[in-house]
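Enquirer: Have a look at this one.
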Amino acid sequence: MKKLDNEAAAFDELGIKIAVGSGIKTGKLELTDFSKEIMKTKPMNSPIPEKWYRKGGTISMEENGTWTYTNKQGQSVSYPNGYPDFTPYYHPTVKPVEIEVTKPKNPQTDFKKANEEAGLNKDSDPSVPASNKPPDDYTWHHHEDGKTMVLVDEDIHREFRHIGGQSTVNGKNAEGD
């Protein structure tokens, strides 16, 4: 593949856009497109392309380097700056809340704090089965800012693997560690 540096936008022979100056294709990628160079830009802990394609999914890349995974059902999650954007899968009525994420890692304590901050309990709508459990079919996602908790579709959260705010505070991306 030829490296381009002087054109505003370029397309290969199949009409797939190539990120200018990078030699990296953008748009829908084929499994054979995942070179070492492209894999260096893969969001941390996101699905492995070979396994994702085997399950019937696809991956595309935007000019700005954002990866977007689409599963075989057509559900997509983009990873701007390497973190998942679950916005389309947020709970329709429960707004994001801010908490102090527990150190060391303790998701159940974080879920309890998020439930309290969101006003969720056994009598609320939606209700929670226990003070430290999210509503049925949802889970609390630790946003990458390290303080915001977002209630998202549990299946989507599980399928679209990622690094998130839990890691920002307690893990690989923790500051001061």
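The values are calculated or read from the model by the stated rules, or taken from the named source; none is laboratory data. Every value quoted in this text rests on a predicted model; they were computed, and no experiment measured them. Heads up, the Cβs are rebuilt from the backbone with ideal geometry, glycines too, and the neighbour counts pull from every protein chain shown.
Enquirer: Filter segment 35-73 for residues that are over 24 Å from GLN166 (Cα atoms), of a type in the set (A, V, I, L, M, F, W, C) and over 15 Å from the mean Cα position of the chain (by Cα) and give the result.
Expert: Residue satisfying the conditions is ILE38 alone.
Enquirer: A further question on this structure: Exactly one of (1) outside the structural domain of GLY165 (by TED's automatic domain parsing); (2) surrounded by 20 or more Cβ atoms within 10 Å (Cβ to Cβ) is unmet by GLU62. Its number?
Expert: (2)
Enquirer: In addition: Kindly indicate whether THR168 is within 24 Å of THR41 (Cα to Cα) and β-branched (Val, Ile, Thr).
Expert: yes
Enquirer: Here's a follow-up. Among the residues of segment 118-177, write down those that are farther than 13 Å from PRO107 by Cα and in a helix (DSSP H, G or I).
Expert: Result: ALA118, GLU154, ASP155, ILE156, HIS157, ARG158, GLU159, THR168.
Enquirer: Tell me the residue from THR32, THR109, THR93 that is surrounded by fewer than 16 Cβ atoms within 10 Å (Cβ to Cβ) and part of a loop (DSSP other than H, G, I, E, B), please.
Expert: Residue meeting the stated conditions: THR93.
Enquirer: Tell me which residues, restricted to segment 112-160, are exposed (fewer than 14 other Cβ atoms within 10 Å of the Cβ) and at positive phi.
Expert: GLY119, ASP137 - these are the residues of segment 112-160 that are exposed (fewer than 14 other Cβ atoms within 10 Å of the Cβ) and at positive phi.
Enquirer: Spot the failing condition for MET44; the list is (1) farther than 25 Å from THR168 by Cα; (2) assigned to a loop (DSSP other than H, G, I, E, B); (3) touching a residue at least 12 places away in the same chain (Cβ under 8 Å), and only one is missed.
Expert: Status for MET44: all satisfied but (1).
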